[in-house]
1. Residues of segment 62-80 being under 20 Å from Gly28 (Cβ atoms) and either surrounded by 14 or more Cβ atoms within 10 Å (Cβ to Cβ) or touching a Cys at 6+ places or on another chain (Cβ under 9 Å) (or both), which ones?
2. If you take the residues in segment 139-154 that are within 16 Å of His103 (Cβ to Cβ) and surrounded by fewer than 13 Cβ atoms within 10 Å (Cβ to Cβ), which one is farthest from the chain's Cα centre (by Cα)?
3. Tell me, please, whether a residue that is closer than 16 Å to Leu105 by Cβ and in contact (Cβ under 8 Å) with a residue 60 or more places away in the chain can be found in segment 72-85.
4. If Leu154 meets every condition in (1) modelled with pLDDT under 95; (2) part of a helix (DSSP H, G or I) apart from one, which number is that one?
5. Arg93 is checked against (1) within 23 Å of Leu44 (Cβ to Cβ); (2) in contact with a strand residue (DSSP E or B) (Cβ under 7 Å, 6 or more places away or on another chain); (3) not aromatic (Phe, Trp, Tyr) and fails just one. What number does that condition carry?
6. Scan segment 32-55 for residues that are part of a helix (DSSP H, G or I), free of Cβ contacts under 8 Å to residues at least 12 places away in the same chain and of a type in the set (A, V, I, L, M, F, W, C) and jot them down.
7. Take the residues in segment 98-115 that are aliphatic (A, V, I, L, M) and over 11 Å from the mean Cα position of the chain (by Cα); name whichever of them is farthest from Val57 (Cα to Cα).
8. Does any residue in segment 6-17 that is within 13 Å of Gly96 (Cβ to Cβ) come within less than 7 Å, Cβ to Cβ, of a residue that is in a strand (DSSP E or B) six or more places away or on a different chain, and which pairs are these?
Amino acid sequence: MMKIQEEIQFQQITEEFENEARELVLKGLEERFGFIDPSYNPDLRNIIQSYTREGAVFLVGIYNRRVVCSGAISFETPNVGRVGRMSVLKEYRRAGIAKRMIHCLESWAIQYGYQQLVLETNNEWHNAIEFYKNRGYTLSFNDGQCSHFVKDLL
C-alpha cells in the first residue's frame, strides 16, 4: 500500500472523473446506510457545477487512472467552510489516503481564507468519528443522529 501513498494524485474534479467520483460517493453511502436516495444528494447530480462556486472545491484522488477517494469543501460562512463527501474505495481504506485528502482540503480551506472547518458524521460511523478526532477536529455537539465537529485552522 505504500506505493499508492507515493503515486496517488489529488486534483480538482474534472468532467473526465465526475461520473466515477459520483459512483464512489454513492457506493460509500450505500455501504453505510444500506440504500441510496438520490434526492438526499442533489449536489452529486452535477458535481462540477455544485463545487465550482466561490469558496468550494471537490477533490479526487487518482491512482492508476481511477478515482479512489474524494472530499469536498463548501461555503458555510465567510470564515467557515464545511467538509463533506469524504469517501475512499473500500479496497484502499486504511492506507493513509483519507489523511492525505483531509490535509489537502484543509490547505484549500486556508487558501479560501477560512479560519474554521465544520463537518458532521453519523453517530454509528465510529471509524469516521475517530478519524476526525485524530485529525484535530473537536466535537461541538451531538444531535442524537450525527456528531458535529469543528477545527480551527489559524
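1. Passing the criteria: Ile62, Tyr63, Val67, Val68, Cys69, Ser70, Gly71, Ala72, Ile73, Ser74.
2. The extreme case among them is Leu154.
3. yes
4. Tallying (1) modelled with pLDDT under 95; (2) part of a helix (DSSP H, G or I), Leu154 fails exactly one: (2).
5. (2)
6. Selection gives Phe33 alone.
7. Ile110
8. Cβ pairs passing all conditions: Glu7/Tyr63; Ile8/Gly61; Ile8/Ile62; Ile8/Tyr63; Ile8/Val68; Phe10/Leu59; Phe10/Gly61.
The values are calculated or read from the model by the stated rules, or taken from the named source; none is laboratory data. The shown structure was predicted, so the numbers you read here are calculated from the model rather than taken from an experiment. Counting neighbours? That spans all protein chains shown, and the Cβs are built from the backbone with ideal geometry, glycine included.
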